[in-house]
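Structure record follows, encoded as structure tokens.
The values are calculated or read from the model by the stated rules, or taken from the named source; none is laboratory data. Values in this document were obtained by computation on a predicted structure and should not be read as measured data. Virtual Cβ from ideal backbone geometry, glycine too; neighbours counted across all protein chains shown. Surface accessibility is based on the protein's heavy atoms, side chains included, excluding ligands, DNA and RNA. Shrake-Rupley method; radii C 1.70, N 1.55, O 1.52, S 1.80 Å.
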Amino acid sequence: QVQLVESGGGLVQPGGSLRLSCAASGRVFRSSTMGWYRQAPGKQREVVATITTGGWINYADSAKGRFTISRDNAKNTVDLQMNSLKPEDTAVYYCHVASGWDVYWGQGTQVTVSS
């Protein structure tokens, strides 16, 4: 049973920072894409950033220059460092792992950017 456990969400003021972490257990992902998605109220889920086992990274335009994704292949973890947060970054953030035909999602962690 694969589990993705997220942590690090919360309330932060505009301009602040948060670090999200996701730990995957139950399987060793030898080749996978790990990433973060988010879903704001009334909007579709959208990709924020992804990273492959080999370190290939993609960012959404909204994340470029402010967010940094990283992973530890040995620990099966993926982190998202978010700086210069804006109110429009408010959403539930989901950890995502894709390996072959298999796709896994975390339960989501709330990020609220508000003064």
- Query: Rounded to a whole number, what % of the accessible area of the chain do carbon and sulfur atoms account for, probe 1.4 Å?
  - Reply: 49 percent
- Note on the structure: About its Cα centre, the chain carries a charge dipole, from +1 on Lys and Arg Cβ atoms and -1 on Asp and Glu Cβ atoms, whose size in debye to the nearest 20 is 100 debye
- accessible surface per residue for the chain, probe 1.4 Å, DNA/RNA/ligands not counted, whole Å² -> 55 Å²
- How much length, in nm to one decimal, is gained on full extension between SER17 and THR53, taken as 0.36 nm per residue of separation minus their Cα-Cα distance? 10.4 nm
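Taking the convex hull of the Cα atoms, report for segment 31-87 its projected area averaged over all directions, in nm².
Projected area, direction-averaged: 4.4 nm².
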- Query: For the pair ASN73 and ALA40, what calculated FRET efficiency results from E = 1/(1 + (r/R0)^6), where r is the Cβ-Cβ distance and R0 = 30 Å, to the nearest 0.05?
  - Reply: 0.50
- Item | segment 67-115-segment 1-46 distance, computed between alpha-carbon centres (Å) | 3 Å
- P(r) tail for segment 1-61, what percent of Cα pairs lie past 14 Å? 69 percent
- At q = 0.12, 0.19, 0.20 1/Å the base-10 log of I(q)/I(0) from the Debye formula over the alpha-carbon atoms of the chain is -0.38, -0.93, -1.03
- Counting other Cβ atoms within 10 Å, which trypsin sites (Lys or Arg not before Pro) in segment 19-89 have at most 12 and lie in a DSSP loop? ARG30, LYS43, LYS64, LYS75
